[in-house]
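Take a look at the structure set out below.
The values are calculated or read from the model by the stated rules, or taken from the named source; none is laboratory data. Small disclaimer: the values here were computed from a predicted structure and weren't measured. Glycine also receives a Cβ, built like all others from the backbone with ideal geometry; neighbour counts cover every protein chain displayed.
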Amino acid sequence: MSARFVHLHLHSEYSLADSTIRIGELVKRCASLGQPAVALTDIDNLFATVKFYKAAEGAGLKPIIGADIGMADGNETPSRMTLLCRDRGGYLTLSRLLSRAWLEGQRIDGVVLRPEWLREDNAGLFAMAGRHSLGGRLAIGGRHELAEAWIADWQSVLDDRLHLELTRTRRDGEDAFNAFALHASSKRGLAVVASNDARFLDRDGFEAHEARVCIASGRVLDDPKRPRDYSEEQYLKSSEEMAELFADIPDAIDNALALATRCNVELKLGEYALPAFPVPSEHTIESWLRNSAREGLEKRLEKAPLAEGKSRQDYDERLEIELDVIIKMGFPGYFLIVADFINWAKDHGIPVGPGRGSGAGSLVAWALGITDLDPLPYDLLFERFLNPERVSMPDFDIDFCMDRRDEVIDYVAAKYGRDRVSQIITYGTMAAKAVVRDSGRVLGHPYGFVDGIAKLIPNTLGISLDDALGNSDAAKQNPMLASADLIDRYRTEDDVRDLLDLALSLEDLTRNAGKHAGGVVIAPSPLSDFCPLFAEHDGEGRGRNPVTQFDKDDVEAVGLVKFDFLGLRTLTIIDWAVKAINVRRAAAGEAPLDITALELDDKLSYELFARGDTVAVFQFESRGMRELLKRAKPDTFEDIIALAALFRPGPLGSGMDREWVDRKHGNTEVSYPHPSLEPVLSPTYGVIVYQEQVMQIAQVLAGYTLGGADMLRRAMGKKKPEEMAKERAKFEAGCAERGIPAKQASPIFDLMEKFAEYGFNKSHSAAYALVAYQTAWLKVHYPAEFMAAVLSSDMDNTDKIVGFLDEARTMGLDVLPPDVDASAYMFEAKDARTIRYGLGAVKGVGRGACEAIVDARRAGPFDDLLDFCKRVDSGKLNRRALEALTQAGALDRLGKNRASLMLQLPEVLKATDQLARERDAGQVSLFGGFEAAAPALHLDLSEADEWPLAQLLAGERETLGHYLSGHPFDPYRDELRGLVGNDLGELDRIWENRPESARSGWRPELEVVVAGQVVGLRKKGDSQMFVQIEDGRGRLECAFFAETYSEFASMLARDRLLVVQGGLREDAFSGGFALRAQRCWDYSQVCAKHAQRLSMRLDLRVPGTWQRVDALLAKNRPGQTPIRLDLLRTGAAGMLDLNGSQSVRVDADLVGTLRAQPGVRAVKLTLAKPWAN
């Protein structure tokens, strides 16, 4: 096939707006068409450059790097030119220009280059001007002289690097521009270049492309007014098709090939470029690292004891070995940079995690203050972090306090230069549910239709449409991924099939750009030497929060070193708790608590772990983990490390957790694969739990270096048969040299291979176990301060607040309600057993309003609502916030009741608004000024009877997410507890005491009957409903599937009281329980049909008792339920049974109404169990 053409103008999915071309598919297509090269010219960006470059080189294609840039002066409509890089110099120029566009050329409609920027800086760039250029527009408009002048102007700047682009895609204006361009070309000696301005791969990709354009622009495909800027000809045409299209202008085809030949950019990939770290003049960077590490180790060991069985010489030798490796591999600067910003954070009171990932295995890191865990007591291996036999960048992931992480990034930017430090871009893609919704919208389908289809896709992280339709390998292995309802509708409904086919063609396309959670790059020179920057619009024509245009993998590929600055909420919780504790300790004359200096042998903390009381304990709070803790009963820090590693799907699925627990408690004998492995495996009772143990086994038995053992571990993870055969032979040979025969060595190798799959990085597990221990210690010793910090950390998540409040009460803590006279923005510990509710947890009340309230009350408590509104800054406290505070009970002290406060609110706001206006206008009142006028603002504040309990509770639920004054379930609690025998707060106990028959099987279930009020409904497709019930003591999600849903759908309504029978099981997703419903009853129906007797104790000494009760009963006659009366009279008591015509019809509210009557001492309703029939 003739290689006579190269596409030089092409957009990929990374243009984010107008292309469906994926990089891998583009390269394959060009290779199959025999085209020698291809250019990527996305809109104003180089996002895909590295991916494109690697893919093209890998397929034997020449990658040509470029971009479609918008150009405009002032507010004029942008025109476009295509820039191509001639060489590395051109790449750097384009990188600078694009960075400048995003940082200085922001507009509402995108970003632009000012033409003078390109005039000043164009070295190494070719330009193609086509119909979208300013010259092109002028020519199409018939203004040929101006168009020629524009071309002459840019020819004077670019000389023969300017080309005129010809397209024949049947779009408006092409013929006019092409004729002009050919004329200008001959007149001015400029080359014309053929292009197809490609946007999709195949001719039949046009519809999906148009849908993509509509998704990006918010249009609908059938909208007659939408712009139609593209044609079905803009696909990646073959060389033959292009030659035929331009048969009358063969030079345009030849010039495209010639221009491609002149574009030769070589990206330097795989070379690392670290910034220079300043060191004292008498030191090299290597000697400064050695000096800093030795001094740091000295300081550490002044406070920390030596590891058991280790001498100071062991520490010094390990330090020197690590330093030699770091220096030999060229990474001293990396360690010094990380140590510098971590120690700066610690010096400025910013909490830093003790370590994360394999970096905790480095003694140098501990000595420099990068990590806070001595690796020697726990056999943490340096080679797991930095392997001298495999050169790759070290990678410290650092956890910082969530609230102050940005301060550390600012410090780094100030130290190394703001043009050299940046966060990293990340790309959002069209995921399964979102792409179905987008596709449905652009096809013009009603919302309900599209929503119904999207909800049929299972809620599984990372699921694809192919998974949901049962077509993928993953769905064939795991049938739970496929949706039977979706598959059925795809097969039987044309509209559904068309919608899903379109969605499938668009799925996973890149749709937007954002900022990576923690990645930061530090460059040795301006970042544009490596890649351009991307930025958000600041609203005033400039960019803010710049990020690299390359993602985390690509910045590393071009040599930039990535540092992960991660925000960990738990560190913020610990920090808040310790600060509050130290205020209390200071008041008591005690020394401040240093959380980093805790002894790791606190008996009470291990007892907490052993009880499974680990709600809010970092990494140990899920239901499954708490179950494991109760079985494991850990009593050492090594146990905590092991449990953090064992609680993952692989080890749990293989039974490693059960084996570990049985060995720890002597139910199974502790044995070792070989006697020499006891020192390696004794901390985990002979079970291989960690990757480091796999490495140590290879070292001890087969003489591997730890670097070689790390390579073995990696090979085992990849599971390549030919590689494993080589490693097995090497392992057996090493064992044979040490007197271990192959028949003994081979099973050990098999064991290692099995556990390498499940093994966890012990360094990471140990570092996170330390954070877990710290939180457990705080929960045991300072419960109020700890839980106040936990509650404050999730104030915007009412579901979590409700769970943590339940835990606080379980712990015996008093939680005082919100109160504007006492509450701060956050939850606060008032004493060792009491927490005051934070105003920030009231929905609709912002931080500014809370702080204004706290500021105002420094002058003393508020007298009433008027005084409150006068003193609190009205600019920060609007009517909505005041209503929310009222409903939450935070203003209860300021009025007779909430109904009165709500009644007073309009009048008070009117008066205070008037005051504010007078103050702003500077008016002087009759009394000579604002202060003197204040007494004149006396209002007679209206009062009213309190709202009914149901209204009070509804207001609390709306503003707090839960109830303070009671629970709507309370009036029915005794009857329902008598009926079902438990409440939802007892599910833990019920599950723990389940019989053996409910402990086995794939998803063990326990048959239970529960009752609660419906507080949430989530429908999935046409045959599933998830119903959340609660009773004030706990919550439970009940799933109604297929026939069960059809039978009981009419009962499933919000606020209804339900009795549900079904299979209780652990919910791995939420960490709680879920119930698979089998049968269901509405409580009102149970009362009507299954009430066996209504019993009452009446005190007839209270005047009118019987008359009131009889009047109520009369309204409920005739009925089927007999009555038993226990009557008290002066000096006498008796019992009376009423039945027959005196029997009553019982409804759900009758019992509560009777209880509220004066003289009624007790009411009991006996109900038959409907499920027993």
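I need the full set of residues from segment 111-136 which are closer than 24 Å to residue 196 by Cβ, of a type outside the set (A, V, I, L, M, F, W, C) and in contact with a strand residue (DSSP E or B) (Cβ under 6 Å, 6 or more places away or on another chain), in order please. Before the answer, list the steps.
Narrowing segment 111-136 to residues closer than 24 Å to residue 196 by Cβ: 125-136.
Those left that are additionally of a type outside the set (A, V, I, L, M, F, W, C): 130-133, 135-136.
If the condition is that a residue be closer than 24 Å to residue 196 by Cβ, of a type outside the set (A, V, I, L, M, F, W, C) and in contact with a strand residue (DSSP E or B) (Cβ under 6 Å, 6 or more places away or on another chain), then 130, 132, 133, 135 are the ones that fit.
Going by what's in this entry, would residue 535 be described as surrounded by 19 or more Cβ atoms within 10 Å (Cβ to Cβ) and over 23 Å from residue 428 (Cβ atoms)?
no
Pull up segment 805-832, narrow it to residues that are surrounded by fewer than 21 Cβ atoms within 10 Å (Cβ to Cβ) and assigned to a strand (DSSP E or B), then point me to the one that is farthest from the chain's Cα centre (by Cα).
Selected residue: 831.
Hey, any hits in segment 365-388 for a residue that's crowded, with 23+ Cβ neighbours inside 10 Å, charged (D, E, K, R) and not in a loop (DSSP other than H, G, I, E, B)?
There is at least one residue in segment 365-388 that is crowded, with 23+ Cβ neighbours inside 10 Å, charged (D, E, K, R) and not in a loop (DSSP other than H, G, I, E, B).
Considering each of 918, 883 in turn, give the residue that is surrounded by fewer than 20 Cβ atoms within 10 Å (Cβ to Cβ), modelled with pLDDT under 95 and of a type outside the set (A, V, I, L, M, F, W, C).
Going through 918, 883 in turn, the sole match is 918.
Select from segment 780-791 the residues that are surrounded by fewer than 24 Cβ atoms within 10 Å (Cβ to Cβ) and in a helix (DSSP H, G or I) and write down the one among them that is farthest from the chain's Cα centre (by Cα). Steps first, please.
Restricting attention to segment 780-791, the residues satisfying the condition of being surrounded by fewer than 24 Cβ atoms within 10 Å (Cβ to Cβ) are 780-783.
This time we only want the ones that are in a helix (DSSP H, G or I), so: 780-781, 783.
Values: 780: 29, 781: 31, 783: 28 Å.
Here the residue is 781.
Given the residues 672, 704, which is the only one that is part of a loop (DSSP other than H, G, I, E, B), under 30 Å from residue 392 (Cβ atoms) and out of contact with any strand residue (DSSP E or B) (no Cβ under 6 Å at 6 or more places or on another chain)?
Working: 672 fails: under 30 Å from residue 392 (Cβ atoms).
Of the residues listed, the single one that is part of a loop (DSSP other than H, G, I, E, B), under 30 Å from residue 392 (Cβ atoms) and out of contact with any strand residue (DSSP E or B) (no Cβ under 6 Å at 6 or more places or on another chain) is 704.
Applying the selection to segment 690-700, what residues are under 12 Å from residue 752 (Cα atoms), of a type outside the set (Gly, Ala, Ser) and part of a helix (DSSP H, G or I)?
691, 692, 693, 694, 695, 696, 697, listed by residue number.
Look through segment 722-747, keep the residues that are aliphatic (A, V, I, L, M) and without any contact (Cβ under 8 Å) to a residue 40 or more places away in the chain, and return whichever of them is surrounded by the fewest Cβ atoms within 10 Å (Cβ to Cβ). Walk me through it before giving the result.
Kept after step one, since they are aliphatic (A, V, I, L, M), are these residues of segment 722-747: 724-725, 729, 733, 736, 740, 742, 745.
If we keep only those that are without any contact (Cβ under 8 Å) to a residue 40 or more places away in the chain too, we end up with 724-725, 729, 733, 736, 742.
Numbers: 724: 17, 725: 10, 729: 12, 733: 13, 736: 13, 742: 15.
Out of the qualifying residues, it is 725.
What number goes with the only condition from (1) touching a Gly at 6+ places or on another chain (Cβ under 9 Å); (2) under 11 Å from residue 44 (Cβ atoms); (3) among the small types (Gly, Ala, Ser) that residue 90 does not pass?
(2)
For segment 76-104, give me the residue count where each residue is touching a residue at least 12 places away in the same chain (Cβ under 8 Å), farther than 14 Å from residue 127 by Cα and not hydrophobic (A, V, I, L, M, F, W, C).
8
So for segment 527-536 (the condition being aliphatic (A, V, I, L, M) and in contact with a Phe, Trp or Tyr (Cβ under 7 Å, 6 or more places away or on another chain)), does at least one residue qualify?
yes
Can we say residue 930 is surrounded by 14 or more Cβ atoms within 10 Å (Cβ to Cβ), modelled with pLDDT under 85 and aromatic (Phe, Trp, Tyr)?
Judged against the criteria, residue 930 is a match.
What residue, of 752, 695, is under 39 Å from the mean Cα position of the chain (by Cα), more than 30 Å from residue 398 (Cβ to Cβ), surrounded by 16 or more Cβ atoms within 10 Å (Cβ to Cβ) and modelled with pLDDT under 95?
On inspection, the qualifying residue turns out to be 752.
Could you pull out every one of the helices (runs of 4 or more DSSP H) wholly within segment 269-357 that has 2 or more residues that are of a type in the set (Lys, Arg) and loosely packed, with under 14 Cβ neighbours inside 10 Å?
Counting at least 2 such residues, we get 285-303, 312-328.
If I go through segment 411-426 residue by residue, how many of them are within 28 Å of residue 462 (Cα to Cα) and surrounded by 17 or more Cβ atoms within 10 Å (Cβ to Cβ)?
Count: 3.
Hey, among 610, 616, which residue is over 28 Å from the mean Cα position of the chain (by Cα) and more than 19 Å from residue 357 (Cα to Cα)?
Numbers: 616 fails: over 28 Å from the mean Cα position of the chain (by Cα).
Matching residue, one of 610, 616: 610.
If we scan segment 208-216, do we find a residue that is at pLDDT 95 or above, assigned by TED's automatic domain parsing to the domain that holds residue 175 and among the charged types (D, E, K, R)?
Within segment 208-216 (the criterion being at pLDDT 95 or above, assigned by TED's automatic domain parsing to the domain that holds residue 175 and among the charged types (D, E, K, R)), the answer is yes, since at least one residue qualifies.
Among the helices (runs of 4 or more DSSP H) lying completely within segment 514-628, list those that include at least 3 residues that are of a type in the set (A, V, I, L, M), within 30 Å of residue 99 (Cα to Cα) and not assigned by TED's automatic domain parsing to the domain that holds residue 658. Outline the logic, then answer.
Working: elements: 552-557, 569-587, 603-611.
Once the helices (runs of 4 or more DSSP H) in segment 514-628 are filtered for at least 3 residues that are of a type in the set (A, V, I, L, M), within 30 Å of residue 99 (Cα to Cα) and not assigned by TED's automatic domain parsing to the domain that holds residue 658, nothing remains.
Can you confirm whether segment 1001-1014 contains a residue that is in contact (Cβ under 8 Å) with a residue 40 or more places away in the chain and in contact with a Pro (Cβ under 9 Å, 6 or more places away or on another chain)? Steps first, answer last, please.
At the first step, the residues of segment 1001-1014 found to be in contact (Cβ under 8 Å) with a residue 40 or more places away in the chain are 1003-1014.
Now narrow it down to the ones that are in contact with a Pro (Cβ under 9 Å, 6 or more places away or on another chain): 1006, 1013.
Checked segment 1001-1014: at least one residue is in contact (Cβ under 8 Å) with a residue 40 or more places away in the chain and in contact with a Pro (Cβ under 9 Å, 6 or more places away or on another chain).
Restricting to segment 648-663, and then to whatever is modelled with pLDDT of 95 or more and in contact with a helix residue (DSSP H, G or I) (Cβ under 7 Å, 6 or more places away or on another chain), can you tell me which residue is farthest from residue 739 (Cα to Cα)?
The residue in question is 661.
Quick test of your reading of the structure: residue 1050 fulfils all but one of (1) surrounded by 13 or more Cβ atoms within 10 Å (Cβ to Cβ); (2) farther than 17 Å from residue 1152 by Cα. Name the failing condition by number.
Exception for residue 1050: condition (1).
List the pairs whose first member sits in segment 1084-1107 and is under 17 Å from residue 1144 (Cα atoms), whose second member is exposed (fewer than 14 other Cβ atoms within 10 Å of the Cβ) and not hydrophobic (A, V, I, L, M, F, W, C), and whose Cβ atoms are under 6 Å apart, counting only residues at least 6 apart or on separate chains?
Cβ pairs passing all conditions: 1097/1161.
Anything in segment 1018-1042 that is closer than 25 Å to residue 991 by Cα and among the acidic types (Asp, Glu)? List them, or say none.
1030, 1031, 1037
Which one of the conditions (1) under 59 Å from the mean Cα position of the chain (by Cα); (2) of a type in the set (Gly, Ala, Ser); (3) farther than 30 Å from residue 1043 by Cβ does residue 1072 fail to meet, given that it meets all the rest?
In the conditions (1) under 59 Å from the mean Cα position of the chain (by Cα); (2) of a type in the set (Gly, Ala, Ser); (3) farther than 30 Å from residue 1043 by Cβ, residue 1072 misses (3) alone.
Is it true that residue 975 is assigned to a helix (DSSP H, G or I) and of a type in the set (Asp, Glu)? Before the answer, list the steps.
Values: assigned to a helix (DSSP H, G or I): yes; of a type in the set (Asp, Glu): yes.
So residue 975 passes the test.
Conditions tested, residue by residue: (1) within 16 Å of residue 773 (Cα to Cα); (2) surrounded by fewer than 17 Cβ atoms within 10 Å (Cβ to Cβ); (3) out of contact with any Phe, Trp or Tyr (no Cβ under 8 Å at 6 or more places or on another chain).
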| site | (1), (2), (3) |
| --- | --- |
| 625 | yes, no, no |
| 628 | no, no, no |
| 636 | yes, yes, no |
| 644 | yes, no, no |
| 650 | no, yes, no |
| 653 | no, yes, yes |
| 661 | no, no, yes |
| 667 | no, yes, yes |
| 671 | no, yes, yes |
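From 974, 983, which residue is at negative phi, in contact (Cβ under 8 Å) with a residue 60 or more places away in the chain, charged (D, E, K, R) and in the same structural domain as residue 1034 (by TED's automatic domain parsing)?
974
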